[in-house]
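Student: Before we start, here is the structure in question, set down as structure tokens.
The values are calculated or read from the model by the stated rules, or taken from the named source; none is laboratory data. Because the structure is predicted, anything quoted here is derived from the model rather than measured. With ligands, DNA and RNA removed, areas are computed over all heavy atoms of the protein, side chains included. Shrake-Rupley method; radii C 1.70, N 1.55, O 1.52, S 1.80 Å.
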Amino acid sequence: MTSSDGVDDEKRATLRRFAAVGASTPLAGLSTTASAESGDSDARDAITGYLSTTPGAHFSKIRDDLQLGTGETQHHLRRLEDADTIERYSDGDYKRFVLADRFDEFEKQALGYLRRDTPRGMLVELLSTPDATAGDLAEALSVSAPTVSKYAGELEEAGLLSREGGYTVERPTTVLLLVVRHADSFDERATQVARNADQYLSYESETDADPDTV
């Protein structure tokens, strides 16, 4: 259904839902200021709210989940970047977005891979079962051994995984905190691990991790 001003009611409801989240963030004032000239505060607050719950989302996902047009999404993201409300970073062929000054480089890399089904599955399985082998991962994720090997190489290159003597997640507490805090934006397996996170916090203290930045 379309209302009298030409805005689809489902789209309006989606924007308002995420705008309510965005309006409650510390960056709400910046997003509203950036929107004042064009009266687009709902769309920009919605993007801000969406990225607070789905950090690391790429352009197409933001556009599709918020039911915005391509040009509309580009415009609002650019204005929010100009206002230092959000920041973008490159992740292979993707341009991903997070709220500004919330995540360090390691965390942004981790979020990028947590947004991909197989790498996320590997990281989540290794967090819950640190001694899982490549074969265990392939079986758990219903993928081939070469697929696990391929993504293990990518994760190692990104600094998220060590393959010395088996597979070990780097900075596991940091990665686990990302999974816990944003579980609803991942999948059911991530949500399950998040619910039982206290069982997996037996790792050594990570001197290079700063939970306050997650």
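Student: Could you pull out every residue, at least 5 positions away or on a different chain, whose amide H is within less than 5 Å of the one on residue 170? Hs are placed 1.01 Å off N in the peptide plane, and Pro or chain starts have none.
Tutor: 161, 162
Student: A follow-up question, please. With every protein chain left in place, what is the accessible area per residue of segment 56-121 in square angstrom, probe 1.4 Å?
Tutor: Values: 2890 Å² over 66 residues.
Ligands and nucleic acids excluded, the figure is 44 Å² per residue.
Student: For segment 127-198, what does the accessible surface come to per residue with a 1.4 Å probe? Please give it in Å². Walk me through the numbers before you get to the answer.
Tutor: Details: 3640 Å² over 72 residues.
Computed with neighbouring chains in place, this is 51 Å² per residue.
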